[in-house]
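Written below as structure tokens is the structure these notes are about.
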Amino acid sequence: MKFLRREDLIEDDPSSLVAAPKKPQTIPAHLTIDEMRTLLEMPDASNPLGRRDRLLFDCGSRPARRHGDNDRLRTDHAAPPAPKVVPRVQPVRPLDPVVAARAIETQRSTGA
């Protein structure tokens with residue numbers, strides 16, 4: 001019909017009023033849990049590219065992450081250094097002589 005319209009053999013194209021047939025929609029295939037684990041563990045983490053690939057797989061498998069967030073990732077994000085554990089030491093306050101004397105008197109009077 002478009003040909004006839006281009007050649008001016010018809011004035012109106014009645015086929016333009018008809019909707020095109022819809023393509024059938026299929027449900028996408030999915031991986032099993034074991035297949036997903038195998039896929040995520042495939043990259044070799046012993047080299048920087050493998051760590052990068054593992055990080056991208058991990059980030060891509062999490063639905064809450066935006067695609068733009070992956071652009072800002074670096075290889076060193078894949079294996080952050082272990083945090084240093086520093087014990088917190090409470091400062092020692094000087095003993096108040098009056099409080100110390102009362103504590104000693106109380107201890108002596110109770111016989112402890």
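The values are calculated or read from the model by the stated rules, or taken from the named source; none is laboratory data. This structure is a prediction, so every number in the text was calculated from the model and none was measured. With ideal geometry, Cβ positions are generated from the backbone for all residues, glycine too; neighbour counts draw on all protein chains shown.
So, in the stretch 1-14, how many residues would count as being among the aliphatic types (A, V, I, L, M), assigned to a loop (DSSP other than H, G, I, E, B) and modelled with pLDDT of 80 or more?
Residues that pass the stated criteria total 2.
Can you tell me which condition Ser46 does not meet? The list is (1) of a type in the set (Ser, Thr, Tyr); (2) touching a residue at least 12 places away in the same chain (Cβ under 8 Å); (3) in a loop (DSSP other than H, G, I, E, B), and all the others hold.
Checking Ser46 against (1) of a type in the set (Ser, Thr, Tyr); (2) touching a residue at least 12 places away in the same chain (Cβ under 8 Å); (3) in a loop (DSSP other than H, G, I, E, B), the one that fails is (2).
For the subset of the stretch 15-43 comprising residues that are of a type in the set (Asp, Glu) and closer than 19 Å to Cys59 by Cβ, which member is modelled with the highest pLDDT?
Looking at residues that are of a type in the set (Asp, Glu) and closer than 19 Å to Cys59 by Cβ, I get Glu35.
Quick one: is Leu95 among the hydrophobic types (A, V, I, L, M, F, W, C), surrounded by 10 or more Cβ atoms within 10 Å (Cβ to Cβ) and either at negative phi or at pLDDT below 80 (or both)?
Answer is no for this residue.
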